[in-house]
Amino acid sequence: MSAYIVSILTEGAIFGIMALGLNVIWGWSGDFDLAYYGYIAVGAYMTLVLTIGPPTAPAHYILGLQLPYPAAVVLAVISSMAVGLVVGLIALRHLRGIYFSIVTLGAVYVMYVFAGQYVPLFDGYNGLSGLFDPMGDWFGLDYLSYQWFLMGLCLVMFGLVLLFMWRLSGSRFGMALRTLREDERAAAAFGRDIYRLKLKGYVLGAGVGGFAGALFAAYLSAFNPSAWSPIEIIVLYAAVLVGGRGNIWGVVLGVFIMGIVVQESTRFLPEVPGHPQIVLALRGVIIGLVLVLFLRFRPQGLLPERRFVDPAPKLEPATRTA
Amino acid sequence: MSASSSTPALEVRGLTKHFGGVYAVEGCSFVAPMGQVTGLIGPNGAGKSTAIDLISGFKLPDSGTVLFKGRALEGLPPHVIARLGLIRTFQAPREWPGLTVLENVVMANWDGGREGFLRGIVGLGTSQRSRAFDELAWAREILEEFGLTQLRNERAGNLSGGQKRLVEFARIRMAQPELVILDEPMGGVNPVLGERMAVAIEAFIASGTSVIVVEHNLPFIQRVTQHVIVMAQGTVIAEGPFESLRSNQDVIDAYLGELVTQ
């Protein structure tokens, strides 16, 4: 049982970082980005090719540098940001709303097919594996204690990302991103460089996604195109929507609800004899149902975006006539 | 008006823009003096709104020049023009609906030094902190001036049409531009609020903001402007004080019709 809780908390923390990155792009900047899972994948792939050894036949992949895990994470995040920059430069120039979404869907599909078909890059559909317990031997951890270590690491990283987002949320930068979401023509009329600002938010989100991917790679110790299914991005959007788009505490709540309650509760459904797939299919049904219900009845989410509440003006203290 | 006429606030020369075969603005030239309220009137389809889009960088002109304080604006993107001190409004109020009234006013002040990404995380130095504090105090003062104090924590999207107009004016006060172009500020505004806006426009002038106002409400134009430009079919057909235009036959034919001649 404790191994189960450890794995849920590790997954939950990684999932939380993913959702917080998406919240920058969709929650604050307001762009429905479908390429986001691609940045997670780039982070995971790059972490693997940078940490594992050179390929041995019949496997093919680039690099294989056996770098220490932290260095690989940094480079993986930079790679995700670079890919995000390229997609953002194209998609954010003039496109908004559904047109932006279509282009990002195209971009992620290109990334997906490329990773799957172009074998010399990440060994195609076989994918990469062999990242075992990164940093574990630094501390001499065995398999079980490593699971605890990784959980702690992911939770601490989640806390740091949360702190970072909390700082950003109340900052002038965060407010400027929101003005773009609310009305970008007005934002431009008051001096905001829409393209540059949106691009900054987008690349930041991609970087956070890549970071989550790097942790994901350590957790899975492998990554391949089947780890990268279209449903994942829907679950992330559902988490942000249910919790409260734009509110980082809402995102945390949404991750808890979608990532843990909805994903895990179906595990306890009774097995239907002869239909082993039905429980997994029900999960998709539940996620879809939650999305529809929230969009219909509470589109602002459980914890709506916070606003700055100015306290009532203080009354001047009565001057003493002593 | 005693304001110097040496450098006008805005000078437009031969501005032209066509969409397909339709010339929305064709050879439009006018001058808006510094320190005055200039009215821009004309029938629907005269090209007033397109002219504003061309001046403020939201559309690119086919040809012509726009000089703001003697500096050429054409080809510059909207945010650069705004940072130079030329702010425009839109026909429909464009508040940031999900932000509060106070946030709407504060964010009207573009502050490049504090809006960077790193500033958001590392935090602000004391000088910037005090700047943020002063800015907030200044925003509260402006809200008080426009009678919006009670609504300061309300999301701007929940306000009535007239209140949104007031928020727009409050944002301009906050931004303190050197020139503001108001696109039909009286749309959907009742007479009492209209008077308040006329007073606000006078306050803009007093605080050093020159004003260009596009409006169909002629009593309002008469009330607030010193100088009026009449556009029709994409070009300027007359200009001068409003009183002088009443008797101008071209203006009557194109716009005023029989309304004013009676």
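The values are calculated or read from the model by the stated rules, or taken from the named source; none is laboratory data. Note that the structure is a prediction, hence the values are computed from the model and not measured. Here the Cβ positions follow ideal geometry from the backbone for every residue, glycine too, while neighbour counts run over all protein chains shown.
Tell me which helices (runs of 4 or more DSSP H) are completely within the stretch A:43-152 and hold 3 or more residues being within 21 Å of the chain's Cα centre (by Cα) and within 19 Å of residue A:205 (Cα to Cα), or say none if there are none.
A:69-91, A:97-117
Is the stretch B:171-191 home to any residue that is surrounded by 16 or more Cβ atoms within 10 Å (Cβ to Cβ), within 19 Å of residue A:183 (Cα to Cα), among the basic types (Lys, Arg) and free of Cβ contacts under 8 Å to residues at least 60 places away in the same chain?
Looking for residues that are surrounded by 16 or more Cβ atoms within 10 Å (Cβ to Cβ), within 19 Å of residue A:183 (Cα to Cα), among the basic types (Lys, Arg) and free of Cβ contacts under 8 Å to residues at least 60 places away in the same chain, one finds none in the stretch B:171-191, hence no.
Just a yes or no: is a residue in the stretch B:190-207 under 20 Å from residue B:43 (Cα atoms) and at pLDDT 90 or above?
No, there is no match, as no residue in the stretch B:190-207 is under 20 Å from residue B:43 (Cα atoms) and at pLDDT 90 or above.
From B:57, B:35, B:75, B:14, which residue is in a strand (DSSP E or B) and in contact (Cβ under 8 Å) with a residue 12 or more places away in the chain?
B:14
Pull up the stretch B:84-109, narrow it to residues that are at the interface with another protein chain (Cβ under 8 Å from one of its Cβ atoms) and within 14 Å of the chain's Cα centre (by Cα), then point me to the one that is nearest to residue A:183 (Cα to Cα).
Among residues in the stretch B:84-109 that are at the interface with another protein chain (Cβ under 8 Å from one of its Cβ atoms) and within 14 Å of the chain's Cα centre (by Cα), the one nearest to residue A:183 (Cα to Cα) is B:94.
Go through the stretch B:206-244 and count every residue that is surrounded by fewer than 18 Cβ atoms within 10 Å (Cβ to Cβ) and on the phi > 0 side of the Ramachandran plot.
Here the count works out to 3.
Report yes if some residue within the stretch B:116-131 is under 29 Å from residue B:9 (Cα atoms) and more than 9 Å from chain A (Cβ to nearest Cβ); otherwise report no.
Checked against the condition, which is being under 29 Å from residue B:9 (Cα atoms) and more than 9 Å from chain A (Cβ to nearest Cβ), the stretch B:116-131 yields at least one hit.
Evaluate the stretch B:63-70: report whether one residue or more is buried (at least 23 other Cβ atoms within 10 Å of the Cβ), of a type outside the set (Phe, Trp, Tyr) and more than 14 Å from every other protein chain (Cβ to nearest Cβ).
Yes, that holds for at least one residue.
Could you run through the stretch B:148-179 and say how many residues are farther than 14 Å from residue B:94 by Cβ, within 14 Å of chain A (Cβ to nearest Cβ) and either in contact with an Asp or Glu (Cβ under 7 Å, 6 or more places away or on another chain) or not in a loop (DSSP other than H, G, I, E, B) (or both)?
10
Where residues in the stretch A:120-177 are of a type in the set (Gly, Ala, Ser) and under 30 Å from residue B:110 (Cα atoms), which of them is modelled with the lowest pLDDT?
A:170
Looking for something surrounded by 23 or more Cβ atoms within 10 Å (Cβ to Cβ), over 30 Å from residue A:46 (Cα atoms) and touching a residue at least 24 places away in the same chain (Cβ under 8 Å) - is there at least one such residue anywhere in the stretch A:188-198?
No; the residues of the stretch A:188-198 include none that is surrounded by 23 or more Cβ atoms within 10 Å (Cβ to Cβ), over 30 Å from residue A:46 (Cα atoms) and touching a residue at least 24 places away in the same chain (Cβ under 8 Å).
Among (1) part of a helix (DSSP H, G or I); (2) over 15 Å from residue A:44 (Cβ atoms); (3) in contact with a Leu (Cβ under 9 Å, 6 or more places away or on another chain), there is one condition residue A:157 misses while meeting the rest; what is its number?
(2)
Just name the residue that is surrounded by the most Cβ atoms within 10 Å (Cβ to Cβ) out of those in the stretch A:278-322 that are among the charged types (D, E, K, R) and at pLDDT 90 or above.
A:298
Restricting to the stretch A:136-166, count the residues that are over 19 Å from residue A:210 (Cα atoms), surrounded by 12 or more Cβ atoms within 10 Å (Cβ to Cβ) and aliphatic (A, V, I, L, M).
So the answer is 1.
From the residues in the stretch A:228-277 that are surrounded by fewer than 19 Cβ atoms within 10 Å (Cβ to Cβ), under 11 Å from residue A:15 (Cα atoms) and within 15 Å of the chain's Cα centre (by Cα), which one is modelled with the lowest pLDDT?
A:232
Just need a number here: residues in the stretch A:171-204 that are more than 7 Å from every other protein chain (Cβ to nearest Cβ) and of a type in the set (Ser, Thr, Tyr).
The total comes to 2.
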